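Here the structure comes first, spelled out in structure tokens, and everything after it is commentary.
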Amino acid sequence: MDGKALAKLIQSEIKQRVADHVAAGNPQPKLAAVLVGDDPASKVYVRNKERACERVGIASELHRLSGDIDHDQLLALVNELNRDDDVNGILVQLPLPDQIDEQAILDTIDPLKDVDAFHPENVGLLSQGRPRFLPCTPHGIVQLLDRHDVDCSGKSAVVIGRSDIVGKPIASMLMQKSLPNIKAGNATVTVCHSRTQDLAGVCRQADILIAAIGRANFVTAEMVKPGAVVIDVGINRLDGKLVGDVDFDAVSQVAGMLTPVPGGVGPLTVTMLLENTLMGAKIQNRVAVS
Ligand code: NAP
């Protein structure tokens, strides 16, 4: 499954929809990104997001803050961005330094501008099957499934990882009866974590296996049912190379479909942020969301 090519296709669709939105007399959608400190990976992620905005005609502004900023200063910036009518989406790049209460910052972002979909209100809406924004990485995963015609209905989906960013929301999405504009759903979902017993045995039952662990080459061929669809969310550095959570060479001999790292889920995560920024602009400009 080529995530890079799919991201390019979806970005071209978003570019057209952004142009239509502006041609209808609405202001250009705008994303505000907040980067705290000098973490090299965070800098790369934010730069990729800014470039992607540029490609589809979304404006972006970057707020760079020193790593020793205190909690109240960051809170004040988020509140300022909440009040700024020109800003449709707010992205605070994680992780934040230890002196900052990350949850309190995320909870302060206006839920209507919460393009990462981390705010409890947006998490709750998704859990009830009536999402406002879909979280970017899980949304990227379901785009991969939908656009490769993977039928999830009645299938066994196993998610390894239970984080708020990937594991929990992708499990929630795959078990939903229906979600607007999404085909994937109605799966029988099992969520695994570090306490799961017989993890390999559970994984071998999966028609769709999603690895979001953060451990290089963790998923081996013996853990995969022949013909299964395997989505590798992990991003790990091994001997200076980027690798996923799945042993790509071995698992590609067994799986029916498999995403590579890099070039799988990652490009779609960025793409879904663009989708959410356009969605935020529509919500704030009271344009019907399609
Ligand atoms: P996380 O918050 O660290 O969660 C990791 C999960 O894996 C936890 O639930 C943990 O279980 C589970 N786990 C760890 N070791 C395990 C083991 N030996 N057996 C079974 N489960 C185990 O990570 P995350 O934020 O979800 O990210 C996961 C990976 O995806 C990372 O590599 C991250 O860089 C990557 N990622 C990629 C994208 C993208 O766009 N491609 C986006 C987000 C994240 P416990 O809960 O029991 O500790």
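The table that follows gives values for the structure above.
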{"quantity": "Entirely in the stretch 121-226, the helices (runs of 4 or more DSSP H) that have 2 or more residues that are touching a residue at least 60 places away in the same chain (Cβ under 8 Å) and not aromatic (Phe, Trp, Tyr)", "calculated": "136-147"}
{"quantity": "Hey, Lys225 in contact with a helix residue (DSSP H, G or I) (Cβ under 8 Å, 6 or more places away or on another chain), surrounded by fewer than 24 Cβ atoms within 10 Å (Cβ to Cβ), closer than 25 Å to Ser60 by Cα and not acidic (Asp, Glu) or not", "calculated": "no"}
{"quantity": "Which listed residue is of a type outside the set (A, V, I, L, M), within 12 Å of the ligand (Cβ to nearest atom) and surrounded by fewer than 24 Cβ atoms within 10 Å (Cβ to Cβ), from Arg204, Arg286, Arg215", "calculated": "Arg215"}
{"quantity": "Qualifying residue in the stretch 173-181 (condition: within 11 Å of the ligand (Cβ to nearest atom), closer than 25 Å to Arg215 by Cβ and buried (at least 23 other Cβ atoms within 10 Å of the Cβ))", "calculated": "no"}
{"quantity": "Odd one out for Ser153, checked against (1) open to solvent by 40 Å² or more (accessible area, probe 1.4 Å); (2) over 30 Å from Val224 (Cα atoms)", "calculated": "(2)"}
{"quantity": "Number of positions in the stretch 227-241 that are within 12 Å of the ligand (Cβ to nearest atom) and part of a loop (DSSP other than H, G, I, E, B)", "calculated": "3"}
{"quantity": "Single unsatisfied condition, Val243 versus (1) surrounded by 19 or more Cβ atoms within 10 Å (Cβ to Cβ); (2) farther than 30 Å from Ser60 by Cα", "calculated": "(2)"}
{"quantity": "Pair list, Cβ < 8 Å and 6+ apart or interchain, from the stretch 23-48 residues that are over 19 Å from Leu274 (Cβ atoms) and surrounded by fewer than 14 Cβ atoms within 10 Å (Cβ to Cβ) to residues that are modelled with pLDDT of 95 or more and not polar (S, T, N, Q)", "calculated": "Asp38/Gly67"}
{"quantity": "Within the stretch 262-275, considering residues that are closer than 14 Å to Val142 by Cβ and more than 8 Å from the ligand (Cβ to nearest atom), the one surrounded by the fewest Cβ atoms within 10 Å (Cβ to Cβ)", "calculated": "Glu275"}
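The values are calculated or read from the model by the stated rules, or taken from the named source; none is laboratory data. None of the values given here were measured: they were computed from a predicted structure. We place every Cβ from the backbone using ideal geometry, glycine too, and count neighbours over all the protein chains shown. Ligands, DNA and RNA are excluded from the accessible area calculation, which covers all protein heavy atoms including side chains. Shrake-Rupley method; radii C 1.70, N 1.55, O 1.52, S 1.80 Å.
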